[in-house]
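Bear in mind these aren't lab numbers, they're just calculated from the coordinates by the rules spelled out. Not measured: the values here are computed from a predicted model. Don't worry about glycine lacking a Cβ; one is built from the backbone with ideal geometry, like all the others, and counts go over all protein chains shown.
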Amino acid sequence: MYKRMNTQSGFIGGQPVADDAKEKTTLSTEAASDDGLITVGEPEVDDAVISVRNCNVFYGDNQAIDNVSLDVSRNEVISLIGPSGCGKSTFIRCLNRMNDTIDGARVEGEIKLDGEEIYAKHVDPVLLRARVGMVFQKPNPFPKSVYENVAYGPRIHGLAHSRAELDEIVFSSLDRAGLLNEVKDRMDEPGTALSGGQQQRLCIARTIAVNPEVILMDEPCSALDPIATAKIEDLIEELRQNFSIAIVTHSMQQAARVSQRTAYFHMGRLVEVGATDKVFTNPIHRLTEDYVTGRIG
Ligand SMILES: Nc1ncnc2c1ncn2[C@@H]1O[C@H](COP(=O)(O)OP(=O)(O)OP(=O)(O)O)[C@@H](O)[C@H]1O
Ligand SMILES: [Mg+2]
């Protein structure tokens, strides 16, 4: 027998919710959604660069994201956490229309960048992905030289009017990605000849070379050793001065180190979002608490 938590919510992601979650959730500021299920915490911010409302994603008949509303603020790092299969990658891919490239994927809801609907007919997904860049789990340099990996985006988007300007963009992007010193004498070598951690920083340099507003990172350190991971984490903190970053991570330590806000997903639902230290040390929802204390996941 399942118990109803309150009139608005009894199930999160199809899971029965423990009795004492009732007290926990009623403490929250609630964002009621159409079907009566709620996200607890603060999914909305005043200064949103990305604003998602009532997002649903389906793969064929299977629903992977269920009525998620969430803002990404300017100059913030937001971590997306949750058990495997809860929809973190699916959600992050909505933010730059990467799900467009997946057969059978269907996205519903409102997703705005700077107040403009990114799924509007006139929006060119290639231009959108320059404004909302993405760094993947496995470093994926192009099969080109280090220089060309970074020069490619600025060239196709017409950001440089001379070779000198292109050089400036390439070198400054590598510098901002903390890689220039290691590659300045290897600019003509294939990007794939670099170490894994260097390749990931090359991919970050490639992303920032087109001057995005938002950078999406899907487990960017999971293939890296602790030293390379530390370099990327330092870089994330620096990049926050100029960009907003949404990062998917399985490491709660990493989320705690790099992000100001954390969003906890569970079976396609956004259960809770709030200040990172609060989500980890004093979560509102029982499901969040179970995850951050290691009871589920
Ligand atoms: N290309 C796809 N085609 C069909 N179903 C998919 C596809 N990608 C993801 N799914 C399904 O959508 C759900 C959410 O998957 P998603 O990859 O977004 O989860 P995740 O939270 O990123 O998991 P992980 O932590 O393992 O990376 C899962 O049930 C998954 O099987
Ligand atoms: Mg994933």
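Odds and ends about this structure:
- Centroid-to-centroid separation of segment 262-286 and segment 178-240 [C-alpha atoms, Å]: 28
- Cα pair count fraction exceeding 37 Å, expressed as % - the chain: 17
- Rounded to the nearest 20 debye, dipole of segment 142-219 from Cβ charges on Lys, Arg, Asp, Glu: 100
- Among the listed pairs K231/K278; K144/K231; K138/K231, a Cα-Cα separation exceeding 20 Å is found for K231/K278; K144/K231.
- Note on K278 and E237: the model spin-label points, each 7 Å out from Cα along the C-beta direction, lie 2.3 nm apart.
- Sites S84 and D46 - FRET efficiency at Förster radius 30 Å, r taken between beta-carbons, to 0.05: 0.35
- Cα→Cβ-extended label distance, 7 Å offset, between S195 and T101, nm: 2.8
- Against the chain, whose longest principal axis is taken from its Cα atoms, helix 163-176 shows a tilt of about 50°.
- Debye, to nearest 20: dipole size of segment 208-252, +1 on Lys, Arg Cβ, -1 on Asp, Glu Cβ: 60
- Adding -39500 (n - 2.57) for every DSSP H run of four residues or longer, then dividing by how many residues the chain holds, sets the calculated 222 nm ellipticity at -9000 deg cm²/dmol.
- Per-residue Cβ neighbour rank within 10 angstrom, fewest leading, D277, D103: D103, D277
- Dipole moment magnitude, nearest 20 debye, the chain about Cα centre, only Lys, Arg, Asp, Glu C-beta charged: 440
- Taking Cβ atoms as reference points and 9 Å as the exclusive limit, the residues near G87 contribute a net charge of +1, counting Lys and Arg as +1 and Asp and Glu as -1.
- Each label was represented as a point 7 Å from its Cα along the Cα-to-Cβ direction; for H250 and A164 these points are 4.9 nm apart.
- C-alpha long axis of helix 196-208 to longest principal axis of the chain, angle in °: 90
- Peptides 39-49, 222-232 ranked from most to least packed give 39-49, 222-232, packing being the mean of other C-beta atoms within 10 angstrom over each peptide's residues.
- Acute angle (nearest 10 degrees) that the helix 146-156 long axis makes with the longest principal axis of the chain, alpha-carbon atoms: 80
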